[in-house]
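Heads up: the structure comes next, in structure tokens.
The values are calculated or read from the model by the stated rules, or taken from the named source; none is laboratory data. These figures come from a predicted structure and were not determined experimentally. Note: ideal-geometry Cβ built from the backbone for every residue, glycine included; neighbour counts use all protein chains shown. To get the accessible areas, we keep the full protein, side chains included, count just its heavy atoms, and leave off ligands, DNA and RNA. Shrake-Rupley method; radii C 1.70, N 1.55, O 1.52, S 1.80 Å.
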Amino acid sequence: MLGSGILKGLAETAKNFVGSYIDESGLTTIEYPDERQTLAENTRQFPFLVFDGDDAMKGLRCVSCQICEKECPPQCIFIVKSKDKKPDHVGKPQFYPATFDIDLSVCMSCQICVEVCPFEAIKMDTEFELSTSDRFGQLLLHKGQLAKPNSHFQEIHPTDAAVSDAALAADKAKAEAKAAADAKAKAEAGIPRPLASSPEAVTIPPALGPPNLPM
Amino acid sequence: MSLRNLVHSALCLAVSLVGLALIYLGLDAEFIGWIQILVYVGAVSILIVFAILLTRGTEAPAGRITFAPWSGLIIAGAVFATLAWTVIKSKALTEITGNPSLDVSFVVKNIGGKLVAEYVLPLQVMGLLLTAALIGAVIIALHERKGLK
Amino acid sequence: MEQIDQIFVHLKHGVVAFLPEGLQPLVSILISVTAIVLVFPLLFALTTVLERKGLGRIQNRPGPNRVGLPRLPTLFPWLPKLRLAGFGQFAADGIKSLTKEDIVPREADRVVHFLAPFVLLVPVLLAFSVLPVGRNMAALDLRETGLLFFFAAGAATELSVFMAGWSSHNKYSLLGAMRAIAQMISYEIPLILSSLTVVMMAGSLSLVTIVERQSGVNFGFLHGWHVFTPWGFAGFWLFLIAACAEANRTPFDLPEAESELVAGYFTEYSGFKFALFFLGEYLGLFAISGLGITLFLGGWLSPFTFLNWMPSWFWFFFKLFLMIAFFIWLRGTLPRLRLDQLMNFAWKFLLPMTLINLVVAALWHFTNSWNPALRWLLGAILLTFSYWILGRGFEAKFRPRTYRYAS
């Protein structure tokens, strides 16, 4: 008979209505600022720059190669290369970014900068409460705001961080072994020269493949 | 017809119909007054407006609309004069004013009773006429559709 | 009890009595107007929150539960955070719509665009004046034409919808307005015809008299509401469906179908004018629910004679609350109709049903001397049979569709 479907529907909604008061667990929503959902491990929101050690500016892994700047689809990264150099994690002198800005309002969270970085220097953060009341000043994030310690990375993406740390450690071990071998060869050649005084003499280590990240 | 926009004219017509209803109400003819609003403002003016919408006549025409603006005034005056003449000459007026004891209350029951007892023939004829008009309109619409095919 | 029942009436008389003779009628009118203008918009504010909460619960989510009193730490450092279970929402919404920018499209017809919300709101408020919300509590008792006045006031809403839709100079507005007018005209006929049965049976157009006619007692405890007769029962549901369409409530909310027409005829309205439209729609719903209560559900009468001690205005507003809850429940349940379904339903189902209902009401009137059970049975059989016949055609037409290529 006409209308039986409507009655069925009304019964269903009435059941939902009453049921939601009897058993709160049926409610599908999470009351956000009070309750928080645990984020999935692969959550990504906005990139940050990884640094080692305690001093953010000293330990920044970025060598200002500008690959990410070129690859960024919406062109939201702006890098100015430094004039001088500082040693990186293996002790090799490298450029560092004098300016490293990312425009929050332009970034589309695609993670391409992370994929292309050969130095494990830029990673995705899970922080999503990024809104500000200052549209012109606060949306362009500078180097100081972007730099976060490696321990933060290990905390938010443990699996990725382990892979990244392993790659860096292997890199470092290789570099050390090579340095030792070079020193030994040089010692055998009878021309002892300290490594730091002549950086030009150091042979470039074999190019690292792109970090093998789990996708 | 001093307004260029057809829809504005239609809306003003609705306003003037409300004014007419207010005159009825002022004359203590409550039933007629509210019926006037219900039928004329609620239905007839909406119908006019709807017809304007469907015929795409909402764009205001450029240039002069009427060629003889005084002719409208003359026609309106003529219509008013005819109506006034009929009303003054009508028998009902003299009957009512000459006979204060006559029951002229516009009670809804009286109106209904008169309509289906005394004036049932005119009512039926009017109903028939409207039905005929309705069927005619449908037939015209049907022809148009056939033409499209 | 008598005192509580008539408390508002006495209050008004008390205030009026203080004033000089010449001012009394004017102040009396003003008090009634103020009461209407205060009570029903407040009810609207309450309803918006309750509706959102109710719909939320129907959809298994809590609904608005956060907005309470604003905490002003600089002014009142001692004030704790009060949430009031989300009932501060309407105040926040009101302030928001008041402070929002009022955007008028450049191509819009400014005068008509400005007038439309008022043409909607004022007649709706006028319609409340004939509703008896309690014993001796109708602002205006039109002995001859109460119901007619209600519908005449409602007639202006169509004009307002057209004005809003046309003046916005926007295709969505215009489409929404055309849909709305077509729908309102179609559903006004069953609405008026179903109320006409009551007028026939009560023998009066005055809403106060209609309520008084329902105060008879059946079986020693049940009041003789019209809904307890076969024609009244059918009439009530027909009225409810038509009222739903007239108030643009789901499932008849085609005029403002968000998913198709942005917001229908008030697409181009923003800020407070939008709020006025919103208010007007809800007040229209209250007015027509109030009319339904008055015509079929005994107005301010209590359902049982042993509950007569409760104040009459309580019963009216309690019934109004139930009606609104039912409309919210319907909104949470039913999807929107298609335009052709809407028109078919009005002209091929509702209209014949209301006409048959008129005949049944007349039969009820002329079988006054019969055994009540027999009378009841006759009416019920006639109505059920016609419902079944008319409904069958519909079911055949709107079977679940099979999609040949999709499935």
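Roughly how far apart, in whole Å, are the Cα centres of segment C:26-71 and segment C:145-166? Centre-to-centre distance over Cα atoms comes out at 24 Å. Extending 7 Å from Cα along the Cβ direction at residue A:135 and again at residue A:21 yields two label points whose distance is 4.5 nm.
Contact residues in segment A:1-20 (at least 50 Å² less accessible area with all protein chains than alone, 1.4 Å probe): A:1, A:2, A:10, A:13, A:16, A:17. Helices meeting the span-like rule in chain C (full DSSP H runs, Cα extent of at least 30 Å along the helix axis, mean Kyte-Doolittle score of 1.0 or higher): C:24-58, C:146-167, C:171-202, C:271-296, C:312-333.
Bridges between two residues of the protein assembly as shown, per DSSP, are antiparallel at a rate of about 85%.
For the Cα atoms of chain A, what angle does the longest principal axis make with the long axis of helix A:4-22, in degrees from 0 to 90, nearest 10? Approximately 60 degrees, to the nearest 10. Label zone of residue A:28 (point 7 Å out along Cα→Cβ, amide N under 12 Å): in segment C:54-76 this covers C:58-62. Cross-link reach is defined here as a Cα-Cα straight distance under 12 Å, omitting same-chain residues fewer than 8 places apart; for residue B:109 the aspartates and glutamates meeting it are C:144. Here the accessible area of segment A:62-147 is 56 percent carbon and sulfur, with a 1.4 angstrom probe and all protein chains present. Applying 1/(1 + (r/R0)^6) with R0 = 22 Å to the Cβ-Cβ distance of residue C:305 and residue C:9 gives a FRET efficiency near 0.45. Which one, A:19, A:122, C:164, is farthest towards the positive end of the dipole of the protein assembly as shown when Lys and Arg carry +1 and Asp and Glu -1 on their Cβ? Working it through, the farthest residue towards the positive pole turns out to be C:164. This model, with +1 at the C-beta of Lys and Arg and -1 at the C-beta of Asp and Glu, gives chain A a dipole about its Cα centre of some 980 debye.
Chains A and C together bury roughly 1900 Å² of accessible surface, counting both sides and using a 1.4 Å probe on protein heavy atoms. Between the amide H of residue A:147 and those of A:49, distances stay under 5 Å, these residues lying 5 or more places away or on another chain, with hydrogens modeled in the peptide plane. If R₀ is 25 angstrom, what is the calculated FRET efficiency for the pair residue C:118 and residue B:12, using the beta carbon separation as r and rounding to 0.05? The computed FRET efficiency comes out at 0.90.
Summary: within chain A, the longest segment free of chymotrypsin sites (Phe, Trp or Tyr not before Pro) located in DSSP loops with at most 12 other C-beta atoms within 10 Å is A:1-127.
Considering only C-alpha atoms, what is the centroid distance from segment C:248-321 to segment A:121-187, in Å? Cα centroid to Cα centroid, the span is 61 Å. Averaging the Cα positions of each part gives two centres, and for segment C:177-224 and segment C:337-407 these lie 18 Å apart. Build a GNM of chain A with springs between Cα atoms under 10 Å apart, and of A:156, A:30, A:122 the one that fluctuates most is A:30. Among the trypsin sites (Lys or Arg not before Pro) in segment C:276-355, those located in a DSSP loop and surrounded by at most 11 other Cβ atoms within 10 Å of their own Cβ are C:338.
If R0 equals 35 Å, the separation of the Cβ atoms of residue A:108 and residue A:36 corresponds to a calculated FRET efficiency of about 0.90. Take each residue in C:156-164, count the other chain C-beta atoms within 10 Å of its C-beta, and the mean is 4. Mean sequence separation of contacting Cα pairs (under 8 Å, at least six apart), scaled by the length of chain C, corresponds to a relative contact order of 19 percent. Dipole magnitude for the protein assembly as shown: computed about the Cα centre from +1 point charges on Lys and Arg Cβ and -1 point charges on Asp and Glu Cβ, it is near 1340 debye. Over segment C:221-352, Cα pairs under 8 Å with separation of 6+ residues give a relative contact order of 33 percent. What you get for segment C:107-395, charging only the Cβ of Lys and Arg (+1) and of Asp and Glu (-1), is a dipole of about 580 debye around the Cα centre.
Between residue C:321 and residue B:132, the modelled label-to-label distance comes to 5.9 nm, taking each label 7 Å out from Cα in the direction of the beta carbon. Pick out, in residue order, every one of the trypsin sites (Lys or Arg not before Pro) in segment C:1-108 that is DSSP loop and has at most 10 other C-beta atoms within 10 Å; say none if there are none. Those that pass, being in a loop and sparsely packed, are C:81, C:106.
When you filter the chymotrypsin sites (Phe, Trp or Tyr not before Pro) in segment C:305-407 for DSSP loop state and at most 16 other Cβ atoms inside 10 Å of their Cβ, you are left with C:309, C:370, C:398, C:403, C:405. Taking the C-alpha atoms only, the angle from helix A:158-189 to the longest principal axis of chain A is near 0 degrees. Once you order the gyration tensor axes a ≥ b ≥ c over the Cα atoms, which shape class does the protein assembly as shown get: rounded for a/c under 1.5, otherwise prolate or oblate by comparing a/b with b/c? Prolate shape, in that a/c is at least 1.5 and a/b is the bigger ratio. Annotation: per residue accessible area for the protein assembly as shown equals 57 Å², rounded to a whole number [probe 1.4 Å, protein chains only]. Tell me the relative contact order for chain A as a rounded percent, counting alpha carbon contacts under 8 Å between residues six or more apart. After rounding, I find 21 percent. The GNM of chain C, with springs linking C-alpha atoms under 10 angstrom apart, assigns the highest mean-square fluctuation among C:25, C:117, C:62 to C:25.
A cut-off of 5 Å between modelled amide H atoms, ignoring neighbours fewer than 5 places along the same chain, links residue C:218 with C:223, C:224. Under 5 Å between amide hydrogens, built in the peptide plane, is the criterion, and for residue A:82 it picks out A:96, A:98 among residues at least 5 positions away or on other chains.
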